[in-house]
Amino acid sequence: MNLKIYNSLSGEKEIFKPIHENSVGMYVCGPTVYSNVHLGNVRTFMSFDFIYRALVHLGYKVRYVRNITDAGHLTDDGDVDNDRFVKQSRLEKLEPMEIVQKYTVDFHKVLEVFNLLPPTIEPTATGHILEQIELAQKLIDTGFAYESNGSVYFDVLEYNKRGLNYGELSHRNIEELFANTRDLDGQNEKKNAPDFALWKAASPAHIMRWNSPWGEGFPGWHLECTAMSTKYLGEKFDIHGGGMDLKFPHHECEVAQGKACNGTEPVNYWMHANMLTMNGQRMSKSTGNYILPMELVSGSNDFFEKPFHPSVVRFNFMQAHYRSVLDISNEAMVASEKGFQRLMEAMKVLSNGTFPNSDVSSFDLTTWKEKSYAALTDDFNSPILIAHLFEAVNFIFKLKDGKETITESDLSELKTLMNDFVFDVLGLQNIEENNNAKLDQTLQVLIDLRNQARKSKNFDLSDQIRDRLLAEGIELKDGREGTSYSIS
Ligand code: AMP
Ligand code: ZN
């Protein structure tokens, strides 16, 4: 089966051909960890989590690199006073690296809640300063970059003079870029306005600084991704992903850096995930039009009527194709919750039920399987895949009601496929199972507390714990192996 991927570089769906058979190298731009990720960020990371899961399911061995930007991503390209980390550290009265730690932890926690798999390598920008300095030096040596006042800039005009094409990814032409570039920073330092910083000299007040051949400074944002992707995936690799808004200038700069450094197109397939909107506007920290992921899950927000389970949120996101804009709303979430519950109910029926066994069935498993894989391999079309899953769901309920039949072998294959698609590929989780795990953990805590109470001869408390649980229908049983419980 051919996997088709929409490539931003060509603007077309292309048949995917990995550089090394059965292996995929994939780089996805990670978060800038100076504040909490918002739900929009989560959507992009989830889109690539789904793509990663799908690639693994299709049999590829994937090296999945997603970086952490913990230095050098300026609020305005190149303005030293606008270092996000330095600004936030002043605001919160913390060291910049405390800011980095705090929001990296938050990022990991949030992604775990939404059942995103960790990447196989998660490098940080500050851990790769040497590699970035080496690249900047190489670009100076080959005439693609120049030093100016302790900063290093990429020479966009020179790049184009050599027959290369700055703008090939975002499909912009150089004249337009010259006309539209605001030259806020380094006016006097840069040769031309579209030139971008590879390295910035640090002003005395700038705390995040490293030694370099050009004096103390810090790396430019675009260079870190080239340094880390080259290091872990090579000069040319299969897939590079990120949100649509990163296409220009960030990814355009990465293409230019890669081509200038190594003389080859760095990435075969550029993939861009579309935005999450709320009230029809792109979700963004700077405009205030955003919701934090945990606010949606806990219900502590003014926008949604009720809390939503992370798997319901995930299901809602998966109902849109990764290249489509998705507007989140209360209505859509409520509808997703209904759909999700029906899907989970069907999964339960499928795993526990016994069904009429015969080969007269209106459900053609072979065709259904083909259709489902066709959707998955058609540029990872999750909404069409979900539509096919619901055909199976309807059939499963008919089986349950005795209105349909299925053969033993088809049933076993249907179970495997549904489990693969729902849990492994879409990354959904069964809420009930989750809750059961939580209940078990909670009861273990109570059993521990009761044992402690008994040890310290506080029998009043230990009896209270036992009796109150019993009143709720949970019976504690003391045995040789310790205390167990049963729920009536
Ligand atoms: P940042 O930490 O700002 O670099 O953003 C992390 C990722 O989230 C990038 O890939 C962005 O493209 C993506 N992103 C930012 N805003 C949104 C949004 N409203 N919807 C989807 N993705 C977004
Ligand atoms: Zn990047």
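When the alpha carbon coordinates of segment 186-273 are projected onto the principal axes, the ranges are 41, 27, 25 Å, largest first. According to the square roots a ≥ b ≥ c of the eigenvalues of the Cα gyration tensor, what is the shape class of segment 354-488, taking rounded for a/c under 1.5, prolate for a/b larger than b/c otherwise, and oblate for the remainder? Cα axes put segment 354-488 in the prolate bin.
The residues of the chain expose on average 46 square angstrom of accessible surface per residue, using a 1.4 Å probe on protein heavy atoms. Each principal axis of the Cα atoms in segment 318-396 has its own extent, and those three values, largest first, are 44, 27, 17 angstrom. At the residue level, Phe317 shows approximately 10 square angstrom of accessible surface with a 1.4 angstrom probe and all protein chains present. Potential lengthening of the chain between Met244 and Phe303 amounts to 18.7 nm, from the contour at 0.36 nm per residue minus the alpha-carbon distance. Stretched out straight at 0.36 nm per residue, the stretch from Glu472 to Asn330 would grow longer than its current Cα-Cα span by 47.7 nm. Compared with the dominant principal axis of the Cα atoms in the chain, helix 330-352 is inclined by about 50°. As a length-normalised measure over Cα pairs under 8 Å and 6 or more apart, the relative contact order of segment 1-132 settles at 28 percent. The order of His108, His388 by accessible area, most exposed first and with a 1.4 Å probe, is His108, His388.
With distances taken between every two different alpha-carbon atoms, segment 1-141 has a Kirkwood hydrodynamic radius of 17.3 Å. Once divided by 2.2 N^0.38 Å, the Cα radius of gyration of segment 206-327 becomes 1.39. For the chain, a Kirkwood hydrodynamic radius built from all Cα pairs, placed in the Stokes-Einstein relation at 20 °C and 1.002 mPa s, yields a translational diffusion coefficient of 84 µm²/s.
When each of the peptides 114-126, 322-334, 38-50, 226-238 is scored by the mean number of other C-beta atoms lying within 10 Å of its residues, the order from highest to lowest reads 38-50, 226-238, 114-126, 322-334. Taking one quarter of the surface of the convex hull spanned by the alpha-carbon atoms of segment 243-302 gives a direction-averaged projected area of 5.8 nm². For the listed peptides 130-140, 207-217, 344-354, 437-447, a ranking on the average number of other beta carbons within 10 Å per residue, highest first, reads 130-140, 207-217, 344-354, 437-447. On the principal axes of its alpha carbon atoms, segment 114-225 extends 42, 39, 27 Å, with the longest extent given first. Checking the Cα-Cα distances for Lys109/Lys231; Lys200/Lys236; Lys200/Lys285; Lys455/Lys477; Lys348/Lys398; Lys369/Lys400 against a 19 Å cut-off, the pairs over it are Lys109/Lys231; Lys200/Lys236; Lys200/Lys285; Lys369/Lys400.
For Ala145, the residues whose modelled amide H falls within less than 5 Å of its own, excluding neighbours fewer than 5 places apart on the same chain, are Ile140, Asp155.
The values are calculated or read from the model by the stated rules, or taken from the named source; none is laboratory data. The structure presented is a predicted model; accordingly, all values stated were derived computationally and were not measured. Because the Cβ atoms are built from the backbone with ideal geometry, glycine has one as well, and the counts that use them run over all protein chains shown. When the accessible area is computed, the model is the full protein with side chains, heavy atoms only, and any ligands, DNA or RNA have been set aside. Shrake-Rupley method; radii C 1.70, N 1.55, O 1.52, S 1.80 Å.
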